[in-house]
1. Can you find even one residue in segment 27-41 that is modelled with pLDDT of 95 or more, touching a Gly at 6+ places or on another chain (Cβ under 7 Å) and not in a loop (DSSP other than H, G, I, E, B)?
2. Hey, among the residues in segment 237-260 that are assigned to a loop (DSSP other than H, G, I, E, B) and out of contact with any helix residue (DSSP H, G or I) (no Cβ under 8 Å at 6 or more places or on another chain), which one's surrounded by the most Cβ atoms within 10 Å (Cβ to Cβ)?
3. Does T155 meet the test of being surrounded by fewer than 19 Cβ atoms within 10 Å (Cβ to Cβ), within 11 Å of the ligand (Cβ to nearest atom) and without any contact (Cβ under 8 Å) to a residue 40 or more places away in the chain?
4. Between residues in segment 183-195 that are under 23 Å from S242 (Cβ atoms) and at pLDDT 95 or above and residues that are among the aliphatic types (A, V, I, L, M) and part of a loop (DSSP other than H, G, I, E, B), which pairs lie under 9 Å by C-beta distance while being six or more apart or on different chains?
5. Hey, can you tell me all the residues within segment 76-124 that are under 18 Å from I191 (Cβ atoms) and of a type in the set (A, V, I, L, M)?
6. When the residues of segment 219-269 are narrowed to those that are modelled with pLDDT of 95 or more and of a type in the set (D, E), which ends up nearest to the chain's Cα centre (by Cα)?
Amino acid sequence: MIGALRKHFGGNLHRLRSKQVLRKVLARETNFSALEDWERSLSDPTSYYLDCVRYFHRSQFPDELKMHREYFLQDQRGFGEDAFHVMWWMLFRKLRPNQFLEIGVYRGQTLSLAAMLQNDLGITGHITGISPFTSSGDAVSSYRNDVDYLADTKTNFAHFALPEPDLVQAFSTDSAACERIKEELWDAIYIDGNHDYEVARTDWDLCAEQVRTGGIIVLDDSAVDTAYRPPAFATAGHPGPSRVAREVDQARFREILRVGHNRVFQRTA
Ligand SMILES: C[S@@+](CC[C@H](N)C(=O)[O-])C[C@H]1O[C@@H](n2cnc3c(N)ncnc32)[C@H](O)[C@@H]1O
């Protein structure tokens, strides 16, 4: 009982503190053209991240994308952070990925954002998601079990009048999922499924072969041991994906962008 009360009040306190910190962050002026300097996201990841947060809230960031984020914040439909919408918007504008793959879909926030960005930017391609579509978690995450994740993801796509994506109901390490990943060379892959090191590393190894040269892999939750210092409303991620990021073969991949705990690696060879 005392534990539950402590958790409840601790959670409320954290939410209050997060709001205060966000207000402070948004009160500061910034130069938005500086977001185009992706090198700065590597050399000064914290201030770059805060600029992305400001860009989402205060500038000419498209209303449709803000509303998309707002929708997924309701009813706990999604995780993520506002700044990640800015990151995907920058990536799609600059790299225009045709074949997009996400490992770990949850309720379809990023997957539908990718579909929306392809639509808005006139990119022809397709969107594929691999996920168990259950409450299956890992050592650091647990998910509610009162949701039909597959039906819900489809409903969320329909809400934004987006065509149904290709959804593979499987763990990324299942043979059905591996076969699907091997079927093509992807332009962009988002790894955000199981955060345990062994699984995240297995995901990376297969995706590293199946992303085309010049394509990107975005590794979620992978900034624990970097210079990035998250504000109260954000996190640096988890040890498993962070270790995978440390082990990335630099002869084949170059880190090109970092937004909070999302790190973007481009295949160079
Ligand atoms: C943090 S959530 C993903 C959030 C989602 N990427 C987004 O941006 O909205 C992680 C998801 O991965 C799923 N998952 C867990 N283990 C997995 C695995 N081995 N392969 C694929 N997905 C997995 C979970 O059930 C959950 O839906």
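The values are calculated or read from the model by the stated rules, or taken from the named source; none is laboratory data. Predicted model, so just to flag it, every value in this text is computed and none were measured. Backbone-built Cβ (ideal geometry, glycine too); neighbour counts: all protein chains shown.
1. So far as segment 27-41 goes, no, none of its residues is modelled with pLDDT of 95 or more, touching a Gly at 6+ places or on another chain (Cβ under 7 Å) and not in a loop (DSSP other than H, G, I, E, B).
2. Within segment 237-260, the subset assigned to a loop (DSSP other than H, G, I, E, B) is 238, 247-252, 260.
Add one more test, that the residue is out of contact with any helix residue (DSSP H, G or I) (no Cβ under 8 Å at 6 or more places or on another chain), and what stays is 238, 250-251.
On the way: H238: 22, Q250: 10, A251: 8.
Once the filter is applied, the top-ranked residue is H238.
3. Details: surrounded by fewer than 19 Cβ atoms within 10 Å (Cβ to Cβ): yes; within 11 Å of the ligand (Cβ to nearest atom): no; without any contact (Cβ under 8 Å) to a residue 40 or more places away in the chain: yes.
In short, no.
4. Every condition considered, the pairs that remain are D192/V105; G193/V105; N194/A139; H195/A139; H195/V140.
5. M87, L91, L95, L101, I103, V105, L111, L113, A114 - these are the residues of segment 76-124 that are under 18 Å from I191 (Cβ atoms) and of a type in the set (A, V, I, L, M).
6. D220
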